[in-house]
1. Could you list which residues have their amide H under 5 Å from that of Thr176, counting only those 5 or more apart in sequence or on another chain, with H placed in the peptide plane?
2. For the chain, what is the relative contact order in percent, using Cα pairs closer than 8 Å and at least 6 residues apart in sequence?
3. Based on DSSP H assignment, which helices of the chain show an axial Cα extent of at least 20 Å together with a mean Kyte-Doolittle hydropathy greater than or equal to 0.0?
4. Give me, ordered by chain and number, the residues 5 or more places off Val225 or on other chains with an amide H under 5 Å from its own placed amide H.
5. Starting at the first residue of region 187-193, write each ³J(HN,Hα) from the Karplus equation 6.51 cos²θ - 1.76 cosθ + 1.60 with θ = phi - 60°, in whole Hz, x for Gly and Pro.
6. When the chain is modelled as a GNM with alpha-carbon springs shorter than 10 Å, which of Arg30, Arg166, Arg68 fluctuates the most?
7. Under 5 Å between amide hydrogens, which residues at least 5 positions from Val183 or on another chain qualify, with H placed 1.01 Å from N in the peptide plane?
Amino acid sequence: MNDSPVALITGGGSGIGAAVARQLLAAGHRVTVTGRTERRLRDFAEGLGDPEELTTVVGDAASYDDIRRAVDRTRTAYGRLDAVVANAGFATHDSVAEGDPAGWSEMVLTNVLGPALLIRASVDALKETRGRIVLVGSVAGFVNTPGNLYGATKWAVTGLAENTRRQVTEFGVGVTLIAPGRVETPFWDGYGSLPPGPLLTAGQIADSVVWAIRQPAGVDVNTVVVRPLGQPN
Ligand SMILES: NC(=O)c1ccc[n+]([C@@H]2O[C@H](COP(=O)([O-])OP(=O)(O)OC[C@H]3O[C@@H](n4cnc5c(N)ncnc54)[C@H](OP(=O)(O)O)[C@@H]3O)[C@@H](O)[C@H]2O)c1
C-alpha cells in the first residue's frame, strides 16, 4: 500500500502553486492541484508526463462545493490528506480610490473566503493525519500600501492564519503562513509588466512552502516572510 504523504494545492497550475506541486512530487508526495482553467491544469499535468501521483481538479477556490469536491477526489484517489496549501489568489492591481469595483468581489472571495473554505473542508481529514495547513499570504499583508485592496485581502490572510492556528493546534494540525515578497509569476500579467526591482523565482518561494510542510512531527513553523534581497517594502 502506498502511504506516501498527500497534499492539495489550490491554484496549482501555474506560478508558486505549480512550483510547490513539482517539488512535492519530486520529494515523493502525492499531489492534487486545482484551478479554474482546465487547459492550464491539463498542460501542467502533461508537462510532468501525467504521473499517477498527480490529480487535477477544475474548480473555484471560492466555491465550497468545488473545494469539497477537490478534497473528496483527493481522499478517494490517495486515501489520505496530509497538507493543504491555500495558494489560489490574484490581484486586480488597482486602488480603492481609482480602481474598478467590478473586479473586487472575485478577488476578495478568492483571496479571503477561499482559504477559509479550504480549511473548513479539509480540517477533519487533517486531524486524522496530524497534517498541516499552509496559507500563501503576502508581504502586502504585513505592510501598508496606499489604496491597496489586494493588500487588505492579504492582511486578512495573515489574521486567518493565526486565528486558525490558535484553534487547530490542539488537534495536532500545523498552520504556516508563507508571505512572499515579489515573485516572478503570471500574477503580474494583469499589471502589464513585471514590477521594478528584484524578484524571487516561484521555485525559491516554493522552497519555503515545502520546508514548512516537511518539518518533523511536533514542529509547527508559523510565519515565514520571504522577500527578494533588495525589496525595501
Ligand atoms: N507573484 C507575486 O509577486 C506574489 C507575491 C505575494 C503573494 N502572492 C500570492 O501567491 C499566490 C499564487 O500566485 P502566483 O504568484 O503563483 O500567481 P499565478 O501564477 O497567477 O497563480 C495563481 C493561480 O491561482 C489560480 N486561481 C486564481 N483564482 C482562482 C480561483 N478563484 N479558484 C481557483 N484557482 C484560482 C490561477 O489559475 P486559474 O486562473 O486558472 O484559476 C493560478 O493558477 C496568490 O495567492 C498570490 O496572491 C504572489
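1. Hits under the 5 Å cutoff: Ile133, Val134, Leu135.
2. This gives 19 percent for the chain.
3. Values: long enough: 64-78 (21 Å, -1.35); 114-129 (22 Å, 0.41); 149-168 (28 Å, -0.36).
The qualifying helices are 114-129.
4. Counting only residues 5 or more places away or on other chains, the set is Ala179.
5. Values, residue by residue: 3, 8, 4, x, 7, x, 6 Hz.
6. Among Arg30, Arg166, Arg68, the largest mean-square fluctuation in the Gaussian network model of the chain belongs to Arg166.
7. Those qualifying (amide H under 5 Å, at least 5 residues apart or on another chain) are Leu200.
Every number here is computed from the coordinates shown, using simple stated rules; none is lab data. As the structure is a computational prediction, the values presented were derived from the model and not from experiment.
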